[in-house]
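The values are calculated or read from the model by the stated rules, or taken from the named source; none is laboratory data. Fair warning: this is a prediction, and the values are worked out from it, not measured in the lab. Here the Cβ positions follow ideal geometry from the backbone for every residue, glycine too, while neighbour counts run over all protein chains shown.
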Amino acid sequence: MYTESLELGLRFQILLRQSLLVLAMTLFLQSCTTSVVVQGTIPTPLVSKIPARMGVYYSDEFKHFKYEEVIRDSGGWSIDLGQQNLSFFQNLAKSVFQGVEEVHEPPLTPEEMQGLDGVLVPSIEKYGFLTPSISGLKFYSASIEYRVSMYDSVGTKIGDWNIVGYGKSEGGMFSSDDAVNEATVLAIRDGGARIAIELIDQPAVQAWLQSLDGSIESPVGTPAAVEAVETPEGLDGVPDA
Amino acid sequence: MRNLFVALGLLALMSGCVSSRIEQSRDASTGIETDEAIVLLGRASYNEKETEESFTQCIADALGQGDNPIRMIKQKQFRDELYPWFEPRTAPTSADELGRLFAQPGFRDRIDSANVRYLAWIDGDTVTIDSGGSMSCTISTFGGGCFGMSYWEEDASYDAAIWDLKTMTSTGQISADATGTSYLAGLVIPIPILARPGNAACQGLAKQLREFIIGGT
């Protein structure tokens, strides 16, 4: 009986010690995680407006996009891009299109499409960052790959475009979390610049705009429009950072 | 002993030798009114080499001061006002592209309201091209010290391409190249003798740029 209670006490002690160890490790890991809520100012683009009224759908994933990674030498990173991305895209859409209205997830009913020429769906495909300890360079860098999908007023896909934005920040000027924040804001800014300038020049968008004007007879059947639907086009041919 | 410290102090204040060369080529005549401004933009890319913001700022500071100060527009302000046209991957690479930018709605108004006459693209960097020597420092209960000598040679190479926003043409280029070797001598305490080729290139480029802009045919 005495041996059993001694063994039980010993087991309890081991269990308690293990629990404390796990708790300590959890606290240690938490304390080593760098949390960044991306914040910054990105100006309103100064571009010609695309003459169309668009519905824009922002998915929950886009609105609350958060990137998490554990890096061996610098601990865990949690980077919250959601709010910055959302407010930037809201501003970008207003600058690029003549009219903008937020809508729910496509497809939309004909009634819901009343007064809209199409729907735009931005999403984040990839995000990544590099610290000087990983890259061996003097600066922090970030890259963000957006996918922009466009649908016409009857729900047919006009095209998909992948756009990669890059940003970098000198490591010496900021603390590591500030430098990653700065690099990420610049990556969003760079990606946004490409969208603002180059979206209107895409052949599929041009064909769709001509169909809105009624200047071509059968816009959906044009080779450019079909090609854009079948083959996702990339505005950016540069590989990831 | 006091003399030794004075000598060491003087050594520390010594600057390493820097040799620099400035070259200029002019494509068109220039001139600037007192209310007109210049903006300096550093060329950026996404590789390791990039014009340091501190270098562009050094030239802007030099041009904005002195006997004939030139009104300068801050780089960030200009890029923000004209976003997205002067971003690293969207900026025009030649003055021929200015016509396309001025056709954008609101572009000319913003240039006119800031009264920006010239845009100078600054491109280049400062790199270490050679280094050597050795120095070791020790510390013990009886004291410590550094002994030996190390050196490093830096090359600062920058170009300025000047565009006239009024005529939408390129008016010329200026290049500055400066090389200097810095030393770190360990004579009990480490004594740096620093050459600053980046600073020499900045001052040389700023002086030439002022002369180029203020008047020349």
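In the stretch B:98-111, is there at least one residue being within 18 Å of residue A:43 (Cβ to Cβ), surrounded by 14 or more Cβ atoms within 10 Å (Cβ to Cβ) and touching an Asp or Glu at 6+ places or on another chain (Cβ under 6 Å)?
Of all residues in the stretch B:98-111, those within 18 Å of residue A:43 (Cβ to Cβ) come to B:101, B:104-111.
Now restrict to residues that are surrounded by 14 or more Cβ atoms within 10 Å (Cβ to Cβ): B:101, B:104, B:107, B:110-111.
Of the ones still in play, those that are also touching an Asp or Glu at 6+ places or on another chain (Cβ under 6 Å) are B:110.
So far as the stretch B:98-111 goes, yes, one or more of its residues are within 18 Å of residue A:43 (Cβ to Cβ), surrounded by 14 or more Cβ atoms within 10 Å (Cβ to Cβ) and touching an Asp or Glu at 6+ places or on another chain (Cβ under 6 Å).
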Review point. If you go through the stretch B:177-213 one residue at a time, how many are modelled with pLDDT under 90 and part of a helix (DSSP H, G or I)?
Key: 0
Point to revise | Criterion violated by residue B:92 - all others in (1) within 20 Å of residue A:184 (Cα to Cα); (2) in a loop (DSSP other than H, G, I, E, B); (3) at pLDDT 95 or above; (4) not β-branched (Val, Ile, Thr) satisfied | key: (1)
Practice item. Could you figure out which of (1) surrounded by fewer than 19 Cβ atoms within 10 Å (Cβ to Cβ); (2) closer than 30 Å to residue B:101 by Cβ isn't true of residue B:165? Key: (1)
Revision key, fill the gap. Here the residues within the stretch A:89-123 that are closer than 20 Å to residue A:145 by Cβ and touching a Gly at 6+ places or on another chain (Cβ under 6 Å) are A:92
Practice item. Kindly indicate the residue of the stretch B:74-97 that is within 21 Å of residue B:212 (Cβ to Cβ) and crowded, with 18+ Cβ neighbours inside 10 Å and also nearest to the other protein chains (Cβ to nearest Cβ) among those meeting that condition. Key: B:78
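Only one of these is part of a helix (DSSP H, G or I), more than 28 Å from residue B:152 (Cβ to Cβ), away from chain A (no Cβ under 14 Å) and modelled with pLDDT of 95 or more: B:63, B:41. Name it. Reasoning before the result, please.
Numbers: B:41 fails: part of a helix (DSSP H, G or I).
Among B:63, B:41, only B:63 is part of a helix (DSSP H, G or I), more than 28 Å from residue B:152 (Cβ to Cβ), away from chain A (no Cβ under 14 Å) and modelled with pLDDT of 95 or more.
Tally time: how many residues in the stretch B:103-125 are within 12 Å of chain A (Cβ to nearest Cβ) and either hydrophobic (A, V, I, L, M, F, W, C) or in contact (Cβ under 8 Å) with a residue 24 or more places away in the chain (or both)?
Step one: filter the stretch B:103-125 for residues within 12 Å of chain A (Cβ to nearest Cβ), giving B:103-111, B:125.
Pick out the ones that are also either hydrophobic (A, V, I, L, M, F, W, C) or in contact (Cβ under 8 Å) with a residue 24 or more places away in the chain (or both) and you get B:103, B:107, B:110-111, B:125.
Residues in the stretch B:103-125 being within 12 Å of chain A (Cβ to nearest Cβ) and either hydrophobic (A, V, I, L, M, F, W, C) or in contact (Cβ under 8 Å) with a residue 24 or more places away in the chain (or both): 5 in total.
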Exercise for review: Evaluate the stretch A:101-109: report whether one residue or more is outside any loop (DSSP other than H, G, I, E, B) and surrounded by fewer than 13 Cβ atoms within 10 Å (Cβ to Cβ).
Suggested key: yes
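Return yes or no: is residue B:157 within 19 Å of the chain's Cα centre (by Cα) and either in a strand (DSSP E or B) or under 21 Å from residue B:204 (Cβ atoms) (or both)? Quick ask: steps written out before the conclusion?
Numbers: within 19 Å of the chain's Cα centre (by Cα): yes; either in a strand (DSSP E or B) or under 21 Å from residue B:204 (Cβ atoms) (or both): yes.
Criteria met by residue B:157.
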Revision key, fill the gap. Residue set B:50, B:97; condition at pLDDT 95 or above and either within 17 Å of residue B:124 (Cα to Cα) or assigned to a helix (DSSP H, G or I) (or both); output residue B:97
Review point. Out of the stretch A:116-147, which residues are within 12 Å of the chain's Cα centre (by Cα), away from every other protein chain (no Cβ under 14 Å), crowded, with 20+ Cβ neighbours inside 10 Å and of a type in the set (A, V, I, L, M, F, W, C)?
Key: A:121
